[in-house]
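Everything on this sheet refers to the single structure shown next.
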Amino acid sequence: MRIDSGWLGTAAKQGQSLATPGASTASKEGGITIHTVFVTQAFRANTGDSGGFDEFAVSGPLRSEGHRIGFGIVRCAVTVPEQGIADCTGVFNLGGQFPNGSQLTIQGMTSDATDWYNAITGGTGRFAEASGQLEAQNIAPNRIRVTFHITR
């Protein structure tokens, strides 16, 4: 299995959009939806140890409408290499330079597929007690469209 900065999938064909980048909007469930692009700038991998365990981490800014609105870090352990499946956790700091801002935590399985979903498992500050889901789509090298559908 290949693990590099492109492991989180390949760019989608035009017209396969899951979400549109833009400002926050209220959702019909009473929560909010935040449209962003995760620009993965740093990539670290630990591959091929003697036990066959592979893991990687990506980090970088979150942008919306051309402006930096936060920063994210996602760590994944490759659990089923023959199928390209990994267990991932992440944290996104939004609304200010860390340690300011509010955080959202995510968790779920992902693969080298173009589109995937993870659970929003909690948060801090304005996202305290948050739940919902993160919708992700690879749109270009080192660019992941991330839409947070936040409920409480």
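The values are calculated or read from the model by the stated rules, or taken from the named source; none is laboratory data. Computed from a prediction, not measured in an experiment: that's the story for all the values here. Cβ atoms come from the backbone with ideal geometry, glycine included; neighbour counts cover every protein chain shown. Calculation scope for accessible area: heavy atoms of the full protein, side chains included, ligands and nucleic acids excluded. Shrake-Rupley method; radii C 1.70, N 1.55, O 1.52, S 1.80 Å.
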Only unsatisfied item for GLU129, checking (1) in a loop (DSSP other than H, G, I, E, B); (2) touching a residue at least 24 places away in the same chain (Cβ under 8 Å); (3) on the phi > 0 side of the Ramachandran plot, is (2)
Scan segment 101-120 and tell me whether some residue there is out of contact with any Phe, Trp or Tyr (no Cβ under 8 Å at 6 or more places or on another chain), closer than 19 Å to GLN41 by Cα and open to solvent by less than 50 Å² (accessible area, probe 1.4 Å). yes
Any idea which of ARG63, ARG75 is part of a strand (DSSP E or B), among the basic types (Lys, Arg) and closer than 20 Å to ILE32 by Cβ? ARG63
Considering residues of segment 41-70 that are within 17 Å of ASN118 (Cβ to Cβ) and open to solvent by 20 Å² or more (accessible area, probe 1.4 Å) only, the residue modelled with the highest pLDDT: SER59
Select from segment 125-150 the residues that are over 13 Å from the mean Cα position of the chain (by Cα) and farther than 15 Å from HIS35 by Cα and list them in ascending order. GLY125, ARG126, PHE127, ALA128, GLU129, ALA130, SER131, ALA140, PRO141
Just to be sure before I move on: is GLY122 in a strand (DSSP E or B) and in contact with a Lys or Arg (Cβ under 8 Å, 6 or more places away or on another chain) in the structure I sent? no
Flagged in segment 80-93 as farther than 17 Å from VAL58 by Cα and part of a strand (DSSP E or B), in numbering order, are VAL80
For a quick check of your reading of the model, give me the residue pairs whose first member lies in segment 80-98 and is open to solvent by 50 Å² or more (accessible area, probe 1.4 Å), whose second is at pLDDT 80 or above and not in a strand (DSSP E or B), with beta-carbon atoms closer than 8 Å and at least 6 apart or on different chains. GLY95/GLY101; GLY95/GLY125; GLY95/ARG126
